[in-house]
Amino acid sequence: MMLTKKKVLVLDDWGPYDNGFEEIVLSKGSEDEVSTWLGIVLQKRNVVKITDVITIDELGRILFQEKQTINTPASLSALPKDFYHRVQLLRDELKGKNDLQALELLRKLDQVVNEIVSIRIRKIMQLAFLNISDESLIDRMTNEEFLVYKTIKSVIERGIGDIIGS
Amino acid sequence: MMLTKKKVLVLDDWGPYDNGFEEIVLSKGSEDEVSTWLGIVLQKRNVVKITDVITIDELGRILFQEKQTINTPASLSALPKDFYHRVQLLRDELKGKNDLQALELLRKLDQVVNEIVSIRIRKIMQLAFLNISDESLIDRMTNEEFLVYKTIKSVIERGIGDIIGS
Amino acid sequence: MLDDLVSNELKRDNEITEISKDTIEKLIQALLRLRRKYSDELHIEELKIYEELAESLLELRLEKVIEGFEPKGFDKDILSLVNVMKKVYIDYVTGKYHTYKGKVLCLSNTKFSLGNTVVEQGDVIILPLNKVLALITTNYITPVEVRE
Amino acid sequence: MLDDLVSNELKRDNEITEISKDTIEKLIQALLRLRRKYSDELHIEELKIYEELAESLLELRLEKVIEGFEPKGFDKDILSLVNVMKKVYIDYVTGKYHTYKGKVLCLSNTKFSLGNTVVEQGDVIILPLNKVLALITTNYITPVEVRE
Amino acid sequence: MENYLKEPSPDKQITSEIIASKVRCIKAPYNPDAIIFSFLISKYANSEGDEFALSLRGECPIKLEITPSGRVITIFDKQYNIGQTSFSSLFPISVDDLIPILAGMFSSVVLERRPLTEYERNVVSQMENLGVSVEKNIKIPNYKHLPLFSSLTMSIDPYIPDMTGNREDTIKALDELGIQATDKLEDLDEAKLNTLMMRIASSVMKVNPKFDRTDLITDRVYYMEYDTLELAFTTLYFLDVRGIGDLFQLVYTPNYAETLITKFRDDMAKGFKINGLTETTQYYIVDSTLRSPILLQLIFIQQGRVRRDKPIFIKTQEGLFTSRYFYVNSGKEGLIRVEDKYNSKD
Amino acid sequence: MENYLKEPSPDKQITSEIIASKVRCIKAPYNPDAIIFSFLISKYANSEGDEFALSLRGECPIKLEITPSGRVITIFDKQYNIGQTSFSSLFPISVDDLIPILAGMFSSVVLERRPLTEYERNVVSQMENLGVSVEKNIKIPNYKHLPLFSSLTMSIDPYIPDMTGNREDTIKALDELGIQATDKLEDLDEAKLNTLMMRIASSVMKVNPKFDRTDLITDRVYYMEYDTLELAFTTLYFLDVRGIGDLFQLVYTPNYAETLITKFRDDMAKGFKINGLTETTQYYIVDSTLRSPILLQLIFIQQGRVRRDKPIFIKTQEGLFTSRYFYVNSGKEGLIRVEDKYNSKD
């Protein structure tokens, strides 16, 4: 995940940097892609600004969608694999600002995300319990959600699978 | 679990048997207690009959209770730790009989147990999700159920705990 | 008794249970005598139950070690091997050792025999990864590290 | 690349993924050169990311080995040590070895040095449990088994 | 009998000197007394996390040797000659180690067919405070707690031709003397006891003409339910057929003696036959269902038919076997299959 | 110069004989050529799952030795005297191993300050098919690809007092000769080349009066971007300051040479000073910021100021250091801290 490429806007010339696989040179004013970890470090140094971040508006839309289908587990909306990580980046950014408006946004962000997580995990638990393992459904989960899904499925199978039915 | 003591009716004199910790002698006609594994072996040899088995009637009662509180996770009814193992013993007994009536009972047994499991696992998933870890609740779970509960709780905490809230 | 240890291990989910040496020693000595005395079907069945419980106990404890809980109890040292394994694995995969296709360059810390060769302290040895782990545990070798 | 290996490991939940020696070798050789060339803050940060991923990869794979899936891939031999550990642990706890308080009676399979002593093939050794495991892996010793 | 008055009197300090040396190994011969003594040392010299080697083939600064002129203990460059006295009797007496010390001491006494040395007699009398008792009585295993037929069938030394290893004949013989098989020695009156002694002596004399009725009476040492003669036979037997594992366990967890003695009685109760002895230049071959080369040697030595320094091989359906006692370099414990170099050449 | 015409002519068969022996160890001195040859053997003798030992202190049936009368290879009871010829040049030529073979061969040539043996010349000319080129030219590292100031500051042999290790002075000197620091050798016209050669020779002669301008021209062997002289300095330097790890990697993954050469250039670019040499009965102490005892020895040998058989210790703020090359029994790799027995007594 930390090696996933992220789009950045280059604020200052930087490099060359040998990351072991390629040499990275960033030119001021250009748009480029760098590994997430490097993007985070360079953003802190004001060398780049990560551009493919999530916004509170987008989060609002996701929550709306999830709420509409709250009782239909199979209607899980598709999130990028690193969704929670993107949220984390947004939080860090807001936290960094340290003004009143940002604080208000932060509060709102946490509330929305909590709701999203809550609805989605319920759906995922249902899916795991019903032993639904549709490829397209799994694709809609984030990495963390897939871990939850997989674990619940396996613990149910392992724990009591040999009692029910069989 | 296999070392848990089970009540048996002794059908034939047997022993002495040194199990490494005590010497076991069973006298025909008496009631006694032996480890589950030994009870199973000796039951097959017609030396004992395990008496604290579960009955279909009892299972019916448990199902009724669970159904009444289907939407109240915290109202999980208390089952013995080795509940599923007892069910297994009952199944084995019915299977062994191989007559039509037994087959019918077997079918019914599976149906009832499936329903019980289904309701209880849903409740337990809820409890884990809501992070309810009341000692008295946990005591009402069987070993297998506790494993499910524990795993779900930990995967939710581990997977996304550091995103929601915090 | 062993089943209680397994149940406790299952229940306690945020630490490795402290199983004392005395507790486990009593069990071992009883089963040891059982093995020495009997080899009939029933005792073999009984021992199989204990073997399955021992396996469950190890699995539960190992999983906790992997999750990062601190090894403790009678098996502390053996559980800690997982942490040695972690270190060696991470160092190997992230290029901290001089290596080529599963072979690792090491120095001998002591005199010991390796195949037909007797190796002296300070000798240079090229070892497959799994032997590196075993011989680190016994402190016979140290991998040569890559540093700037 | 290492992150893809971790994702794949996570997704495939009923087997250990087959990571080839060539795949991992490319990664290792690149990181090895990185370590050799640089020691600045940024490269240390980068290597930390790789170390964390390597740890996740091992954890996921180890958990599968513990659950009973067959070790395979470049790290087959090292993962298999968990199965050796299982056997030794079960045998120890269920009294299959002549033992007392964590010490196990063994025979030496070969000449090797043990502390200051050079042990010959067939010599008798009393060893703590964790060393038993390490020295079984290297085939230096065999525990004396209890039999009827 | 030889003169033991000139025996050197060893010092118990030797043991503490060894333990204090912090050396984590002992070189020892494959001999029950030497092994037991080494394990006793390891029990106290070997702290947690450490290893200890009993070096049968390697070298070590601490060495136990059994030479024709007696036992020698070497600690670095110092040598102690302790004569006939067993190694184990040098170990400090404590309740915890009483059983292994007795097992080591009497393994040596029985194996070498010798009386206790003065030093050992002293050790035994010091043990009387801890419950060890000594009496002059008949030399058959555990006559105090076992029925007579059982004691007699387990009598390896003296070997009683029509009784040892033969339950039915023993019961018949007792019956002829008017003794019930399940009687214990204490149940017999003076007359019956005398008749029994006569009967045993005459039987033994058939294979060992030098045997005398007085040889039947010796110092008999008991501790709790343990008879040291039975304990010695048990130790010799299991070292032979199973290897050092049982001796390790006996030293570290002395109540293991109970397990071993029970197993020994079970094995002996099955009975055994000795069908013949043939000699090659390198070894003896014994055709027997008693699978202990040491005990077989002990039986044939009484009859002057074998030399101590020549190995005993047992002939069975599955081939020739010996034990590590006679083949230390095999590196294996328990019964070891060996090649018959002479017959296999045919 | 000695007469090399009588040199024994080694046989490449030696290598295959070693590999075919299936012996999993080589005893070798701590010498770059011997170590590289051993690693080359291990690369082919060592199959999956096996181990291989490079025995510096132990024993092994295969042995490499460097004796006053030449190099000797022992394979069990057979001995091969290969004279001055480097071990590595015996290894079968293949593209895969070209770089380590050259690194081994030229480490030996540079370390011993000798010309190629006839056998080695032969090996090099066989390598020409694979892209190795030979030319007579100036003996400064990688004049083909590096700017002159860089080559000159890296010149360990000959040691050029005001240029080696001193970037500023080198640039100034070049400037005085009307040469741009960034010029390469090929950029110079005949006249400037001559002036430069004169300048170097006169500078070298200040510390080494025996030096002659003709000594500046030798056989210069290149392979791709690699100059064997630079490769040899790099090998000697990192064996010294880091230990066998880099040599292992160079043999097993030859493109590692690039990493090493880059690092060597970086280290050399930092420059260094040599402030003084003092002699004790056991070793020399050099006060220098160049942390390679081997390269320092090489510099002082040119000036006739040190003997080969006496270790070089480097004096730094943190104490005295040497490398395993001069202290093989230390058992440690890279720079090793040592006690100054003479000064510490004060």
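Every number here is computed from the coordinates shown, using simple stated rules; none is lab data. All values derive from a computational prediction rather than experimental measurement. Neighbour counts run over all protein chains shown; Cβ positions are idealised from the backbone, glycine included.
In plain terms, the residue of F:Y223, E:Y80 with the fewest other Cβ atoms within 10 Å comes first and the most crowded comes last, giving E:Y80, F:Y223.
Shielding value for C:77-89 is 5, the average number of Cβ atoms from other chains within 10 Å of each residue's Cβ. Computed per residue of the protein assembly as shown from DSSP H runs no shorter than four, each worth -39500 (n - 2.57), the mean residue ellipticity at 222 nm is -14500 deg cm²/dmol. Distances between copies at A:K28, taken between label points 7 Å from Cα along the C-beta direction, are 10.4 nm in increasing order. Rounded to 0.05, the FRET efficiency of the E:R121 and E:A20 pair, given R0 = 35 Å and the Cβ-Cβ distance, is 0.80. Taken over the range D:2-73, the percentage of Cα pairs per 5 Å bin, counting from 0 up to the bin with the maximum distance, is 3, 15, 23, 22, 16, 10, 7, 3, 0. Spin-label model, B:S75/C:K26: points 7 Å from Cα along the beta carbon direction are separated by 4.4 nm.
If you find the alpha carbon centre of the range F:44-123 and of the range A:17-96, how far apart are they in angstrom? After rounding, the separation between the Cα centres reads 56 Å. 3J(HN,Hα) along the range A:21-29, derived from phi through the Karplus expression 6.51 cos²θ - 1.76 cosθ + 1.60 where θ = phi - 60°, amounts to 10, 7, 9, 9, 10, 10, 10, 3, x Hz, with x in place of Gly and Pro. Per-residue Karplus couplings for the range D:68-84, computed as 6.51 cos²θ - 1.76 cosθ + 1.60 with θ equal to phi - 60°, are listed in order as x, 6, 6, x, 8, x, 4, 9, 3, 5, 6, 5, 5, 4, 4, 6, 4 Hz, Gly and Pro entered as x. Each peptide in C:70-79, A:145-154 receives the mean, over its residues, of other Cβ atoms within 10 Å, and ordering these scores from highest gives A:145-154, C:70-79. The modelled label-to-label distance between E:N81 and E:R305, using points 7 Å beyond Cα along the C-beta direction, is 3.7 nm. Here the Karplus curve 6.51 cos²θ - 1.76 cosθ + 1.60, taken at θ = phi - 60°, turns the phi angles of the range F:286-295 into couplings of 10, 8, 8, 8, 7, 8, 10, x, 5, 5 Hz, with x standing for Gly and Pro.
The packing ranking of peptides F:114-127, D:50-63, highest mean first, is D:50-63, F:114-127, where packing means the average number of other beta carbon atoms within 10 angstrom of each residue.
Assuming R0 = 56 Å, what is the FRET efficiency of F:S47 and C:D4, from their Cβ-Cβ distance, to the nearest 0.05? With R0 = 56 Å, the Cβ-Cβ based efficiency is 0.70.
What percent antiparallel are the DSSP beta bridges of the protein assembly as shown, to the nearest 5? DSSP beta bridges in the protein assembly as shown are roughly 90 percent antiparallel. In plain terms, if you count all Cα to Cα distances in chain D and split them into 10 Å steps from zero, the share in each step is 10, 29, 23, 23, 14, 1, 0 percent.
Overall shape of chain A was characterised from the C-alpha gyration tensor. The equivalent ellipsoid obtained from it has semi-axes of 37, 21, 12 Å, in decreasing order. Rg over Rh for chain E works out to 0.97, using Cα positions for both radii and the Kirkwood form for Rh. With its label point put 7 Å out from Cα toward Cβ, A:T55 sits 6.9 nm from the same residue's point in the other copies, in order from shortest.
Pairs exceeding a 22 Å alpha-carbon distance, out of C:K111/F:K63; C:K76/D:K72; D:K76/F:K27; B:K6/B:K49; E:K139/E:K192; F:K136/F:K206: C:K76/D:K72; D:K76/F:K27; F:K136/F:K206.
Diagonalising the gyration tensor over the Cα atoms of the range E:204-346 and scaling each eigenvalue by 5 before taking the square root yields semi-axes of 27, 22, 13 Å, largest first. Considering every alpha-carbon pair of the range F:132-223, the percent of pairs per 5 Å bin, from zero through the bin containing the longest distance, is 3, 15, 26, 29, 19, 7, 1, 0.
Here the Debye sum runs over all C-alpha atoms of the range E:274-343 as equal scatterers in vacuum, and log10 of I(q)/I(0) at q = 0.17 Å⁻¹ comes out as -0.54. Simple spin-label estimate for E:N255 and B:K44 gives 3.2 nm between the two label positions (7 Å along the Cα-to-Cβ direction from each Cα). Neighbouring Cβ atoms from other chains, within 10 Å of the Cβ of residues in A:48-54, number 0 on average. Taking a label point 7 Å from Cα toward Cβ, how far is B:K67 from its twins in the other copies, in nm, shortest first? Distances to the matching label points in the other copies: 3.6 nm. When only alpha carbons of the range A:5-50 are considered, Rg and Dmax amount to 9.3, 25 Å. The range C:1-41 and the range D:85-148 have Cα centres separated by 20 Å.
In the protein assembly as shown, the ratio of gyration radius to Kirkwood radius, Rg to Rh, stands at 1.06 when only Cα atoms are counted. Per-residue shielding of B:141-148, expressed as the average number of other chain Cβ atoms within 10 Å of the residue Cβ, stands at 5.
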